[in-house]
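Structure first, then comments.
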Amino acid sequence: MKFETLLLNFDPAPGDRCRPANTPIYQTATFRQDSATSFGDFDYTRSGNPTRAVLEGQLALLESGTRAFCFSTGLAAITAVTRLLKPGEQILACDDLYGGTYRLFSRILANRGITVQYVDFADENALKAAFTPAVKLVYLESPTNPLLHILDLAKVANLAHQHGARVCVDNSTMSPYLQRPLELGCDIVIHSATKFLCGHSDVMAGAVIVSDPALADDLYLIQNGEGGGLAPFDSFLVLRGIKTLALRQNQQQANATAIAHYLKQHPRVTDVYFPALAPPEAAAIHKRQASGPGSVLSFRTGDPELSRRVVENCKLHTITVSFGGVNSTISLPNYMSHASIPEHLRSQKQIPHDLVRISVGIEAIDDLTADLDQAFASS
Ligand SMILES: *Cc1c(COP(=O)(O)O)cnc(C)c1O
């Protein structure tokens, strides 16, 4: 079956006697047992809940994994993965990560005796040289946000496996509709389901998807043992959002492609960052490992004040952090989503002060370009 069909073709309520056509919100903390000594499939919602289980089954299927685990936020999902490491072990991370991930790695993991080494993964020699016996997890995003750098997932997975490390990909900017890292040899996929999976900016959620059964057992112990599993109502919302994932992303991507070209020819724009407009080598890697450019893009004007005015003069594009929702949003990453990056790393990472990020929604393209037109004109 094709991906678009898989999004809809699943058992919404396995074993439910009422045979509902959609997944109910099993809003219960506890489940009755047949006897004091026998357990059914569910006993306590922290350990497992039917609504969450349907969502997890869907995500495992869509990411070509065997099991998925949903958490209260994307960062809770990332935290769960870091629990796989022991004190003294190291994470080798690409040097262009989501701001909250930097904060977790640098300000919280250090206290647990886990170190993180940041490397430019596009520099193959630097990446090879960075492996030490302590490196147990290699962590990356592609395309990165907000600069849309592309990394070769299969190549990184190969290198990591040669050095006995697992590879984890934060796939939030793409979603499984456009990119499936497990199929490329990676071991763990993470999502901020708050973004494209939910798609409506009305729920916080995270997910971890794996193929290896032993790894899945470890992650289940962490989910149940630490208690960060996604609540039934939030699971329902993500499940409902996922049904239109392909439909939304098709429209968002078409709009984003048009806006990227609009910005590229705009006299007041100096650079546009979008996977389809990346330098040829990077664009080729992206084309090989993903089926589309997505709908997050960024651009520069050469003037931080001009960028700020354009952002603030937009009327249809709302100033909001986050991305992946059906509404178009605009932001200044250096001041907003990436302000959580520790200053010493931010200067090294160099998110330009004039960088503007747009997460393109499903509105009519003419209205979106008209909004940018008037924003530039009045800036
Ligand atoms: C938003 C985001 C996260 C964090 O997810 P939350 O749901 O906000 O906790 C992690 N990674 C990426 C790439 C993100 O964009």
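The values are calculated or read from the model by the stated rules, or taken from the named source; none is laboratory data. In this text the structure is predicted, and so the values were computed from the model without any measurement. FYI the Cβ positions are ideal-geometry reconstructions off the backbone, even for glycines, and counts take in every protein chain you see.
Just so you know, in region 1-21 the residues that are part of a loop (DSSP other than H, G, I, E, B) and touching a residue at least 60 places away in the same chain (Cβ under 8 Å) include one that is farthest from Ser64 (Cα to Cα), and it is Leu8. Answer yes if at least one residue in region 121-135 is buried (at least 17 other Cβ atoms within 10 Å of the Cβ), away from the ligand (no atom under 12 Å from the Cβ) and assigned to a strand (DSSP E or B), and no otherwise. Yes, the conditions are met somewhere in region 121-135.
Just to verify a result, which residue in region 148-180, among those that are within 13 Å of the ligand (Cβ to nearest atom) and β-branched (Val, Ile, Thr), is nearest to Leu219 (Cα to Cα)? This residue is Val169. A count restricted to region 96-117 and to residues that are within 21 Å of His161 (Cβ to Cβ) and within 16 Å of the ligand (Cβ to nearest atom) stands at 1. Here Asn255, Asn224 are screened, and the one residue that is polar (S, T, N, Q) and within 22 Å of Ser359 (Cβ to Cβ) is Asn255.
Taking the criterion of being farther than 23 Å from His191 by Cβ and not in a loop (DSSP other than H, G, I, E, B), the residues of region 285-317 that qualify are Phe299, Arg300, Pro304, Glu305, Leu306, Ser307, Arg308, Arg309, Val310, Val311, Glu312, Asn313. Does any residue of region 89-100 turn out to be out of contact with any strand residue (DSSP E or B) (no Cβ under 6 Å at 6 or more places or on another chain) and at pLDDT 95 or above? Looking through region 89-100, none of the residues is out of contact with any strand residue (DSSP E or B) (no Cβ under 6 Å at 6 or more places or on another chain) and at pLDDT 95 or above. For the list (1) within 12 Å of the ligand (Cβ to nearest atom); (2) of a type in the set (D, E, K, R); (3) closer than 18 Å to Phe3 by Cα, I need the number of the one condition that Glu183 fails. So Glu183 meets the others, but not (1).
If only residues of region 63-79 that are under 23 Å from Leu184 (Cβ atoms) and crowded, with 22+ Cβ neighbours inside 10 Å are counted, the one that is nearest to the chain's Cα centre (by Cα) is Gly74.
Assess whether Thr320 counts as being hydroxyl-bearing (Ser, Thr, Tyr) and modelled with pLDDT under 95. So Thr320 passes the test. Can you find a residue in region 219-240 that is surrounded by 15 or more Cβ atoms within 10 Å (Cβ to Cβ), touching a Leu at 6+ places or on another chain (Cβ under 6 Å) and part of a loop (DSSP other than H, G, I, E, B)? Looking through region 219-240, none of the residues is surrounded by 15 or more Cβ atoms within 10 Å (Cβ to Cβ), touching a Leu at 6+ places or on another chain (Cβ under 6 Å) and part of a loop (DSSP other than H, G, I, E, B). For first residues located in region 354-379 and free of Cβ contacts under 8 Å to residues at least 12 places away in the same chain and more than 19 Å from Tyr273 (Cβ to Cβ), partners that are surrounded by 23 or more Cβ atoms within 10 Å (Cβ to Cβ) and of a type in the set (Phe, Trp, Tyr) and lie 6+ apart or on another chain with Cβ distances below 8 Å do not occur. The residues on offer are Ala290, Ala276, Ala256, Ala260, and the sole one that is among the hydrophobic types (A, V, I, L, M, F, W, C), surrounded by fewer than 20 Cβ atoms within 10 Å (Cβ to Cβ) and modelled with pLDDT of 95 or more is Ala276.
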